[in-house]
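Undergrad: Pasting in a structure now, in structure tokens, and then I'll have a few things to ask.
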Amino acid sequence: MSNSAGAWVSRGRAAILELLAEQHAAPVVELEARICDRPWRDQPKPIDPHLLTKARKELLTEGLIGEVVATTRGGGEVGVLHLSPIRRGMARSIEDAAARKRLLIARWKSWARGSKHMPNLIGSGGEAVVHQSLLASAPYGYRVLQPTRGEVATIFEQPVPGGALDNAAWLLTMDLRTQTPTTPYLVPIEVKNVRHTLYPNHWEIYQLLHKAAGLANAHPEYPVLPILVCRKAHYRAREFAKDLGFLIFDTHDQYVLPSERIDLTHFEEVRTELGFADLTITNQLNPHLVDWFSGVVHREAQRYAPRFMEFGRHQVETFAALRRERLRWRHRTVWLEELHRATEEHFGNVGSWAPSEVEYG
């Protein structure tokens, strides 16, 4: 069985057609949940999202699938895919399925909308889990900057450059030979509890790096070790992190803060009917994250933080540009390719995460 990119795109095409034949209609996030988060039927492994995107675009171009965009009750637009052309007698089934999927998407999105009276339950859910996990890791050398709430707006009596952090701590390590403390690491943490798989081209990563670079440049006497916690990151994002000098933890769950706003029956319908198997209501610690903070971060700090201090912190202008959510793809590509060239020139052998070397879709 071939493992070429073309072979995986072909598998993606087949999976999309099978899924739409079964479900009648599905939004893109459902395709990715069912085909990219876990193996689709007899596939040997999940399909990378960028390859599934290529497969979906091919099918749309060829007219084998169609997309209908409609406005939900909440006022947002949701696109739903279906097989095309619509076979005789299937129009009503597709319309009903599409309406149902739009309703479920609207419910899920409502949990991610904050207001003056209610937090963003998905964003706050991820931050709560990380905060509890970080507090549980305190005996292993972490001094949490804001133990009661997590969010950190000021460090060194100055506002955090680029905006408040979701969390931050000092990591105290020890020289095993002399049994004496070493210079503490400043650990800025951002939590991106989003459904999409993060690639090096996603703006969310650069929000963390921009803030971390500002802190490192303001006080270079303290090594900075940026940490990103997300639901899922592509392996190219981890290659990128290794080159730039920061760490990524994948929770493989999308957390939702417990709330009276959530009807548990509706919650289970979203999970099962959209394929969001990892959607989890909790504000408690993640034991795997506690183990990671307590073990992996300690072991890797001395390898990753020096790379960020030597190179990453000097890329402030690049990070500032790439953290712009609305930056057009053609402009984003230019910045990313230049960042890759600069990283390669500085370190020599680096990973193949630049957009010219992989189609992110």
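Undergrad: Considering segment 14-45 alone, what residues qualify as being open to solvent by 50 Å² or more (accessible area, probe 1.4 Å) and assigned to a helix (DSSP H, G or I)?
TA: If the condition is that a residue be open to solvent by 50 Å² or more (accessible area, probe 1.4 Å) and assigned to a helix (DSSP H, G or I), then 17, 18, 21, 22 are the ones that fit.
Undergrad: Would you point out which residue out of 262, 227, 248 is among the hydrophobic types (A, V, I, L, M, F, W, C) and closer than 19 Å to residue 108 by Cα?
TA: 262
Undergrad: A further question on this structure: Can you tell me which residue is surrounded by the fewest Cβ atoms within 10 Å (Cβ to Cβ) among those in segment 328-355 that are at pLDDT below 95 and of a type in the set (Gly, Ala, Ser)?
TA: My answer is 348.
Undergrad: Hey, another quick one. So, restricting to helices (runs of 4 or more DSSP H) that lie completely within segment 251-361, which ones have at least 2 residues that are closer than 24 Å to residue 131 by Cα?
TA: 287-294, 296-310
Undergrad: List the residue pairs whose Cβ atoms are under 9 Å apart, where the first residue sits in segment 278-291 and is over 24 Å from residue 29 (Cβ atoms) and modelled with pLDDT of 95 or more, the second is open to solvent by 30 Å² or more (accessible area, probe 1.4 Å) and assigned to a loop (DSSP other than H, G, I, E, B), and the two are 6 or more positions apart or on different chains.
TA: The qualifying pairs are 288/252.
Undergrad: For segment 70-125, give me each residue that is modelled with pLDDT of 85 or more and among the polar types (S, T, N, Q).
TA: 84, 93, 110, 120, 124
Undergrad: What number of residues within segment 73-106 are over 26 Å from the mean Cα position of the chain (by Cα) and of a type outside the set (D, E, K, R)?
TA: 13
Undergrad: So if I check each of 252, 210, which one is under 30 Å from residue 173 (Cα atoms) and touching a residue at least 60 places away in the same chain (Cβ under 8 Å)?
TA: Step by step, each of 252, 210 is checked, and only 210 is under 30 Å from residue 173 (Cα atoms) and touching a residue at least 60 places away in the same chain (Cβ under 8 Å).
Undergrad: Look at segment 112-153 and say how many of its residues are within 24 Å of residue 301 (Cα to Cα), in a loop (DSSP other than H, G, I, E, B) and out of contact with any Pro (no Cβ under 7 Å at 6 or more places or on another chain).
TA: Counting residues in segment 112-153 that are within 24 Å of residue 301 (Cα to Cα), in a loop (DSSP other than H, G, I, E, B) and out of contact with any Pro (no Cβ under 7 Å at 6 or more places or on another chain) gives 7.
Undergrad: Restricting to segment 318-343, name every residue that is among the acidic types (Asp, Glu) and more than 14 Å from residue 200 (Cβ to Cβ).
TA: Matches in segment 318-343: 325 only.
Undergrad: Here's a check for you: in segment 55-85, which residue that is out of contact with any strand residue (DSSP E or B) (no Cβ under 7 Å at 6 or more places or on another chain) and closer than 23 Å to residue 105 by Cα is surrounded by the most Cβ atoms within 10 Å (Cβ to Cβ)?
TA: Looking only at segment 55-85, we keep the residues that are out of contact with any strand residue (DSSP E or B) (no Cβ under 7 Å at 6 or more places or on another chain), and these are 55-58, 61-64, 73-76, 85.
Among the residues that remain, those that are also closer than 23 Å to residue 105 by Cα are: 55-57, 73-76.
Values: 55: 25, 56: 22, 57: 12, 73: 10, 74: 14, 75: 7, 76: 14.
Top of the filtered list is 55.
Undergrad: Would you pick out the residues in segment 236-282 that are small (Gly, Ala, Ser) and surrounded by 20 or more Cβ atoms within 10 Å (Cβ to Cβ)?
TA: Hits for segment 236-282 are 237, 241, 245, 275.
The values are calculated or read from the model by the stated rules, or taken from the named source; none is laboratory data. Not measured: the values here are computed from a predicted model. Here Cβ is always computed from backbone atoms with ideal geometry, including for glycine, and neighbour counts include all displayed protein chains. Protein only, heavy atoms only, side chains kept; ligands, DNA and RNA dropped before computing areas. Shrake-Rupley method; radii C 1.70, N 1.55, O 1.52, S 1.80 Å.
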